[in-house]
């Protein structure tokens, strides 16, 4: 899976918890929880969605590494590389 | 047309999910109705066979109007030409109650083919001003999906990203919801003599247990602190049942179960507090799964009728926003609202020594007609006690 495909999967998972989201408006470096107004339940659903789409089980202690869209892609690409 | 809350006066039938002759069981979803709070899937309250359909999609009906006739198991079939049942002894049960209201004056649109439309697709069609009847469905059994709507919009020259459409989704919807909230909250402050209590709770044990559990659980089974709070409230309600139920016609009516309304703020504006049923009888895993699902469906804009109407007490958790204390307004006709702020590390003195502990402020807004501060204090003390034994939640 390319980084681009990972990025698309992340955006899909985000849209799942925030259907009103406009993908092209996401600032890839901005804090997702802040800018998209995700609460803790939304974020949990997002992490579960990432697991379903990419097979990566993000441990709770790594949640800070999913802060922005860019950070998500970098983290998930690295994790998938390890598998 | 079922009443989905004291503030609902009418609803618009969007589509049927059943046809005459279909067998339905209590809890099945039979119709989709648009209300001031969004789309709601109507669950049937009884088991039987759909005898006839009395309302066409597109019709706006007052609460109490007959939508369909269900023949309960064991009831004899009524002749096909029978008109809508009239009180006092209808031959079959009307949805949701046999209270037949006049539907005169209601403008009926011509019947439309009941195309299957996913709720999300419907919402997006509305936002993009796409007539759903013109969209070709490519989903299972010709169902119209979100992608179909977006394709139709693109063909017409409206991009899904069109800022005007997507950024301000149906302003009238937000305005309508604002009105509903205004009416409900004004009624609350006008009628309910609130009293307020607050207490600080040491969350050290609860969060320690949670971290330990989550480290061992796969992502799909992880728990959030909110679930422990919901369970603690539901179990405390068992000890102080005056917090759980309604103030109706000058007296307290206990709730039939402990159905905890979870206040969810909508990003497009407004607030809704759908219920998780029987939280006192479910374990943390089950409540967690239901919470995740409930929030997701709330975001997608479709809830079930029992979720919208059944809450017996409401919990609002504004900790994510960083506030310390919630001074809640009760959702009438309920009699209590429990608020939680953020968990923050604080100096905590206990048993003669000082330590730093994660602390949360729990608050109770309660209806003084239904209970007194003494009982309210007992309730909050019970919530605290429950949170000190997280493994038992």
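Every read-out reported here was derived from the displayed coordinates using simple, explicitly stated rules and does not represent laboratory data. All values reported here derive from a predicted model rather than from experimental measurement. Methodologically, a virtual Cβ is constructed for each residue, glycine included, from the backbone with ideal geometry; neighbour enumeration extends over all protein chains shown.
Annotations
- The Cα atoms of segment B:190-392 give a gyration tensor whose axes a ≥ b ≥ c have a/c of 1.5 or more with a/b no greater than b/c, which makes the shape oblate.
- Centre-to-centre separation between the Cα atoms of segment B:3-40 and those of segment B:268-287: 20 Å.
- For the pair segment B:331-393 and segment A:28-83, the centres of their Cα atoms are 32 angstrom apart.
- Cβ-derived FRET efficiency at R0 56 Å, residue B:75 paired with residue B:200, nearest 0.05: 0.50
- B:282, B:189 arranged by Cβ crowding within 10 Å, fewest neighbours leading: B:189, B:282
- Gyration tensor verdict on the protein assembly as shown (Cα atoms; rounded if a/c is under 1.5, prolate if a/b is larger than b/c, oblate otherwise): oblate
- For the protein assembly as shown, the share of DSSP beta bridges that are antiparallel, to the nearest 5, is 85%.
- Label-to-label distance for residue B:138 and residue B:253 is 5.0 nm, based on points extended 7 Å past Cα in the beta-carbon direction.
- Considering only alpha-carbon pairs that sit under 8 angstrom and 6 or more positions apart, the relative contact order computed for segment B:231-329 is 30 percent.
- Between residue B:324 and residue B:182, full extension at 0.36 nm per residue minus the direct alpha carbon distance yields a gain of 48.7 nm.
- Counting only DSSP beta bridges whose two residues both lie in segment B:190-392, roughly 80 percent are antiparallel.
- Three-way shape call for segment A:3-82 based on the alpha-carbon gyration tensor, with the a/c threshold at 1.5: rounded
- Summed over qualifying helices (DSSP H, 4 residues or more, each -39500 (n - 2.57)) and divided by its residue number, the protein assembly as shown shows a 222 nm mean residue ellipticity of -10500 deg cm²/dmol.
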